[in-house]
Each structure stands twice: as C-alpha cells, then as structure tokens.
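A short worksheet on the structure shown next.
Where a number appears in this text, it was derived from the coordinates with a stated rule and is not lab data. Since the model is a prediction, treat every value here as computed from it, not as a measurement. So basically every Cβ, Gly included, is an ideal-geometry build from the backbone, and we count neighbours across all protein chains shown.
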Amino acid sequence: MGTLIDRVHRELTEADIEKIVGTYHAWRGDAPVSGLKPQVYSDIPGFCKSTTTAEIAAHGHVLTPGRYVGAEEVADDGEPFEEKMPRLVSELKSQFAESGKLEKAIEKNLKGLGYAF
C-alpha cells in the first residue's frame, strides 16, 4: 500500500488509510466510521488476519506480521513454468547485453568530456 518516497519511507494515500481504518473497525465490530462504507471483517492474505493468542504462542510470541498475514495471492498467468523461465532468462540476457552497450557508450561520452573512467 502507499507510495515509496525513499528507501525507508512510504506515504499512504487517503484510500489506503480508509481501507485500514475500515478494516480495523470492522474487525472490532464497531459501527462504520462516518463517511466510510460499512464492511464485514474477513482475513485478507497479505493485508490482515485475526489470529488467536494460541497461534501467537505457537510462534513463540513473535509478532512479525508476515507470520500471520501471509502473502497476497498472485493470479496465475497460465504460462507453464517450463516455458516461462527460459523466456525470462532470454529476456534478461538481452537486457544485460543492452546494459553493456549503454555502459560503453556512457564511458565513451565521459572520456570525450575529459573525465577519466
């Protein structure tokens, strides 16, 4: 959620905040917050999970969210792994080749400007 501002800061949008607030109040069973649509709480992989103290104890009382929330489900694109991986490796190889060409061009331009590289 949100937008990464720099390596350590993420800025939440108004919609992100509304989703978090609405989910929290739905989990508590509170009346909907003014201006937000009412919702019924349910666990959402990668976003929220209502867990028990027994489950927390089973994890050694470690409260790292990923242990409980899990990962968001990713839609299957239908491409078999045996076909997808060679295609991706081929794409990466061509991108590395292009990267090498660009590095040489940048180095040449820097030398042309009088900067030793």
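Things worth noting here:
- Single residue of the range 6-31 satisfying the filter (of a type in the set (A, V, I, L, M, F, W, C) and farther than 20 Å from Val69 by Cβ) that is surrounded by the fewest Cβ atoms within 10 Å (Cβ to Cβ): Val8
- Filter result for Val62 (touching a helix residue (DSSP H, G or I) at 6+ places or on another chain (Cβ under 9 Å) and surrounded by fewer than 10 Cβ atoms within 10 Å (Cβ to Cβ)): yes
- Qualifying residue in the range 32-55 (condition: in contact with a Pro (Cβ under 8 Å, 6 or more places away or on another chain), exposed (fewer than 10 other Cβ atoms within 10 Å of the Cβ) and among the small types (Gly, Ala, Ser)): no
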